[in-house]
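What follows is a short report on a single structure.
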Amino acid sequence: MGRLTGKTAIITGAARGQGATEARLFLAEGAQVVMGDVLDDQGEALAAELGEAACYLHLDVTNPDDWTHAVKLAEEIGPLNVLINNAGIHWVCPIEEEQPDKALQMFSVNALGSFMGIQAVREPMSRAGGGSIVNISSVAGMTGIHGHSAYGMSKWAVRGLTKVAALELGPLGIRVNSIHPGPINTAMLPDRVRDNPDTFSHLPLGRAGQPEEVAQLALYLASDDASFQSGGEYIIDGGGWAGHPPRNS
Ligand SMILES: NC(=O)c1ccc[n+]([C@@H]2O[C@H](COP(=O)([O-])OP(=O)(O)OC[C@H]3O[C@@H](n4cnc5c(N)ncnc54)[C@H](O)[C@@H]3O)[C@@H](O)[C@H]2O)c1
């Protein structure tokens, strides 16, 4: 028996990166997985590779009709127990240069998209007897990071949304938690950052994380092993949040 046997999961932003890795791990643990993204060619190819328990659909997390289709598809497969709100966009831009319409776009995908996902699954998950929602925030949702005004606004919102959803959905048997990754080795990290070994020397573990490491945490929170965890925030950042590095480093 896998840790997610009998459960159906929706994972957003699953065509690549952390979402794709979570899909792979959840399938290995017995789940049926509905993978959503806007990168349709990549998502369809991955789902075909992952086998019959995986399927892909176009899910722009800012589009309510797409959410309706995703939930319908998941319920045709099995009881909907898990949602991973993973889709996200990121860029770095100083406040004086950030455009309000661009900041709003970031907020729509990262924060409002998670909110719409929670709204869409609330009732079916309750009908399924409960479940787990995991919202992927960031360390940028725990503290300020220079150049991250739009991203930080969106990821702090995800953290706050998680608390409210935990309060409102707990009585339905739905747990809601947030994950706060530090730098993770995916396409979201610019090449110049990923390829420079010095970039992460300030972190106690001295490196970026791998998507597999975040996926293990998402698996734990999605599974019944975390049956009493709700409203929590889980930092996974190689120790960066522990405090300040030595002054000369
Ligand atoms: N990589 C990091 O260093 C890092 C650090 C902290 C948090 N995160 C968060 O982790 C999550 C996953 O990011 P990743 O590292 O895998 O990066 P990624 O860019 O590889 O993956 C993000 C995925 O989200 C998808 N996406 C973008 N807009 C979408 C939309 N409107 N609807 C549906 N899907 C959409 C993209 O197509 C992509 O497949 C994101 O929420 C990101 O903000 C990443």
Study note, to complete from the structure: Residues in the stretch 132-158 that are under 19 Å from GLY19 (Cα atoms), among the aliphatic types (A, V, I, L, M) and either more than 12 Å from the ligand (Cβ to nearest atom) or in a strand (DSSP E or B) (or both) total 3
Study note, to complete from the structure: Every listed condition ((1) closer than 24 Å to VAL121 by Cβ; (2) among the polar types (S, T, N, Q); (3) open to solvent by less than 40 Å² (accessible area, probe 1.4 Å)) holds for GLN229 save (3)
Check your understanding: Out of the stretch 74-97, which residues are in a loop (DSSP other than H, G, I, E, B) and either within 15 Å of the ligand (Cβ to nearest atom) or surrounded by fewer than 17 Cβ atoms within 10 Å (Cβ to Cβ) (or both)?
Key -> GLY78, ASN86, ALA87, GLY88, ILE89, HIS90, TRP91, VAL92, PRO94, ILE95, GLU96, GLU97
Check your understanding: Assuming ALA166 fulfils every condition listed in (1) closer than 13 Å to GLY232 by Cβ; (2) open to solvent by less than 10 Å² (accessible area, probe 1.4 Å); (3) more than 12 Å from the ligand (Cβ to nearest atom) apart from one, which condition is it?
Key -> (2)
Point to revise | Matching option when the condition is in contact (Cβ under 8 Å) with a residue 12 or more places away in the chain and outside any helix (DSSP H, G or I), among ALA165, ALA187 | key: ALA187
**Study point:** Matching residues, the stretch 28-46, being open to solvent by less than 30 Å² (accessible area, probe 1.4 Å), in contact with a Leu (Cβ under 9 Å, 6 or more places away or on another chain) and within 13 Å of ALA14 (Cα to Cα)
**Key:** VAL33, VAL34, MET35, GLY36, ASP37, GLY43
Review point. Can you find even one residue in the stretch 207-222 that is open to solvent by less than 40 Å² (accessible area, probe 1.4 Å), not aromatic (Phe, Trp, Tyr) and not in a helix (DSSP H, G or I)?
Key: yes
Check your understanding: Which members of the stretch 24-58 meet the condition of being within 11 Å of the ligand (Cβ to nearest atom) and under 14 Å from the mean Cα position of the chain (by Cα)?
Key -> MET35, GLY36, ASP37
Revision key, fill the gap. Sole miss for HIS180 among (1) open to solvent by less than 80 Å² (accessible area, probe 1.4 Å); (2) not in a strand (DSSP E or B) is condition (2)
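Every residue, every condition in (1) under 19 Å from GLY131 (Cα atoms); (2) modelled with pLDDT of 95 or more; (3) in contact with a strand residue (DSSP E or B) (Cβ under 6 Å, 6 or more places away or on another chain), yes or no:
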residue: VAL34; (1), (2), (3): yes, yes, yes
residue: ASP40; (1), (2), (3): no, yes, yes
residue: ALA45; (1), (2), (3): no, yes, no
residue: GLU49; (1), (2), (3): no, yes, no
residue: HIS58; (1), (2), (3): no, yes, no
residue: ASP65; (1), (2), (3): no, yes, no
residue: ALA70; (1), (2), (3): yes, yes, yes
Exercise for review: Could you tell me whether any residue of the stretch 103-120 is touching a residue at least 60 places away in the same chain (Cβ under 8 Å), open to solvent by less than 60 Å² (accessible area, probe 1.4 Å) and either more than 10 Å from the ligand (Cβ to nearest atom) or over 19 Å from ALA187 (Cβ atoms) (or both)?
Suggested key: yes
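The values are calculated or read from the model by the stated rules, or taken from the named source; none is laboratory data. Keep in mind that this is a model prediction, so the values were computed, not measured. Note: ideal-geometry Cβ built from the backbone for every residue, glycine included; neighbour counts use all protein chains shown. When the accessible area is computed, the model is the full protein with side chains, heavy atoms only, and any ligands, DNA or RNA have been set aside. Shrake-Rupley method; radii C 1.70, N 1.55, O 1.52, S 1.80 Å.
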